[in-house]
1. Please go through the range 299-309 and give me each residue that is in a loop (DSSP other than H, G, I, E, B) and open to solvent by less than 80 Å² (accessible area, probe 1.4 Å), ordered by number.
2. For the range 52-62, how many residues are surrounded by fewer than 23 Cβ atoms within 10 Å (Cβ to Cβ) and within 15 Å of the chain's Cα centre (by Cα)?
3. Name the single residue, out of those in the range 258-298 being surrounded by fewer than 16 Cβ atoms within 10 Å (Cβ to Cβ) and among the charged types (D, E, K, R), that is nearest to residue 48 (Cα to Cα).
4. Confirm whether residue 200 is outside any loop (DSSP other than H, G, I, E, B), of a type outside the set (D, E, K, R) and in contact with a Ser or Thr (Cβ under 6 Å, 6 or more places away or on another chain).
5. Could you list, ordered by first residue, the pairs with Cβ atoms under 6 Å in which the first is in the range 130-146 and polar (S, T, N, Q) and open to solvent by less than 40 Å² (accessible area, probe 1.4 Å) and the second is at pLDDT below 95 and part of a loop (DSSP other than H, G, I, E, B), at least 6 apart or interchain?
6. So if I check each of 91, 102, which one is open to solvent by 20 Å² or more (accessible area, probe 1.4 Å) and at pLDDT 95 or above?
7. Which number in (1) more than 20 Å from residue 213 (Cα to Cα); (2) crowded, with 21+ Cβ neighbours inside 10 Å marks the one condition that residue 66 misses?
8. Can you work out which of the residues in the range 186-217 that are out of contact with any helix residue (DSSP H, G or I) (no Cβ under 8 Å at 6 or more places or on another chain) and within 18 Å of residue 110 (Cβ to Cβ) is surrounded by the most Cβ atoms within 10 Å (Cβ to Cβ)?
Amino acid sequence: MTAIASPALHTSTLASLPLLARGKVRDNYAVGDDRILMVASDRLSAFDVIMGEPIPGKGELLTQMALFWFDKLGHICPNHLTGQTPESVVSADEVAQVRGRSMLVQRLKPLPVEAVVRGYLAGSGWKEYQATQSVCGVALPAGLTNAARLPSPIYTPAAKAAAGEHDENISFERTVEMIGAEHAGRIRDISMALYQAAAAIALEKGMIIADTKFEFGLAPDGTLVLMDEVLTPDSSRYWPVEGYEAALAAGENPPSYDKQFVRDWLEQAQVGGKPWDKTPPAPRLPQAVIDNTAAKYQEALERLTGRNI
């Protein structure tokens with residue numbers, strides 16, 4: 001496996017562009033009034049808390065995977081890529097901060113809906129199913145088990161929360177109230193089509209996409225556009241096909257390509273002799289946890305695209 005060549009970037013510091021916002025992972029800068037430079041840092045968040053230690057190469061891996069999917073799925077929905085190089089809008093001494101980890105995108109009016117599609121029963125969906133035999137109000141057959149494939153994918157939208165807060169699961173009817181019937185219906189239908197196309201491509205590579213979320217915005221002319229990241233391990237639950245059947249039979253969570261390795265460590269981490277209460281600051285991540293997490297992201301990219309960084 002190829003080692004990450006560039007140094008880790010926890011927080012970008014571009015002086016040549018105005019900073020719009022820093023998210024859990026991305027730093028967004030204004031490029032004029034019609035474009036945004038999205039810089040994917042190597043930050044990692046777990047339980048909505050940003051870790052103090054970056055995961056080397058993570059931002060590049062997320063960006064390259066998102067670009068792979070934008071290319072594969074462009075026939076289903078327009079996306080926010082401008083086709084222009086990020087390096088062209090920063091000063092020469094800042095190029096190293098953006099190369100390979102950035103996207104220069106259209107500035108859109110974001111729609112306040114997280115478009116979540118689930119093909120398998122996992123995570124919070126599994127917990128809810130055990131209590132109600134439904135997920136986000138969608139009734140499901142009896143007798144399903146943890147990690148089971150659903151009879152067909154389901155759409156379970158969420159309302160975007162303010163920074164530092166959890167998104168709220170909502171009904172499709174609520175999305176209609178929020179953004180109108182036309183946009184709500186198109187987002188649902190496009191999201192289902194995106195998921196089904198991506199899941200088929202990933203399965204050919206030996207990867208299961210258990211669930212994912214999409215975000216959309218409106219262009220000035222009203223066009224609905226796919227935006228932000230898409231189908232990365234940060235926004236999707238990826239499982240290798242190897243080990244899936246055994247985990248399903250045992251009722252366990254399958255191995256994953258996301259930050260579950262970090263979450264598992266944090267669940268048993270202690271601060272001041274007590275279990276971490278999942279509020280900032282986060283415990284310091286051991287090097288082994290950092291290295292294993294970086295390797296998982298690298299493996300996901302290599303398996304999906306045949307490329308490494």
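1. The first filter runs over the range 299-309 and keeps only residues in a loop (DSSP other than H, G, I, E, B), leaving 306-309.
Answer for the range 299-309, where residues must be in a loop (DSSP other than H, G, I, E, B) and open to solvent by less than 80 Å² (accessible area, probe 1.4 Å): 306, 308, 309.
2. Going through the range 52-62 one residue at a time, the tally reaches 0.
3. Here the residue is 278.
4. Values: outside any loop (DSSP other than H, G, I, E, B): yes; of a type outside the set (D, E, K, R): yes; in contact with a Ser or Thr (Cβ under 6 Å, 6 or more places away or on another chain): no.
Considered against the rule, which asks whether it is outside any loop (DSSP other than H, G, I, E, B), of a type outside the set (D, E, K, R) and in contact with a Ser or Thr (Cβ under 6 Å, 6 or more places away or on another chain), residue 200 comes out as no.
5. If the second residue must be at pLDDT below 95 and part of a loop (DSSP other than H, G, I, E, B), the pairs left are 146/251.
6. Numbers: 102 fails: open to solvent by 20 Å² or more (accessible area, probe 1.4 Å).
Only one candidate passes the filter, namely 91.
7. Here residue 66 clears every test but (1).
8. Here is the first cut: in the range 186-217, the residues out of contact with any helix residue (DSSP H, G or I) (no Cβ under 8 Å at 6 or more places or on another chain) are 186, 189-193, 195-196, 199-200, 203-204, 210, 213, 215, 217.
Next, only the ones that are within 18 Å of residue 110 (Cβ to Cβ) stay: 186, 190-191, 213, 215, 217.
Values: 186: 15, 190: 18, 191: 26, 213: 23, 215: 22, 217: 18.
Among residues in the range 186-217 that are out of contact with any helix residue (DSSP H, G or I) (no Cβ under 8 Å at 6 or more places or on another chain) and within 18 Å of residue 110 (Cβ to Cβ), the one surrounded by the most Cβ atoms within 10 Å (Cβ to Cβ) is 191.
The values are calculated or read from the model by the stated rules, or taken from the named source; none is laboratory data. Since this is a predicted model, take the numbers as computed values, not measurements. Note that each Cβ is placed from the backbone with ideal geometry, even for glycine, and that neighbours are counted across all protein chains shown. Remember, those area values only see protein heavy atoms, side chains included, never the ligands or the DNA or RNA. Shrake-Rupley method; radii C 1.70, N 1.55, O 1.52, S 1.80 Å.
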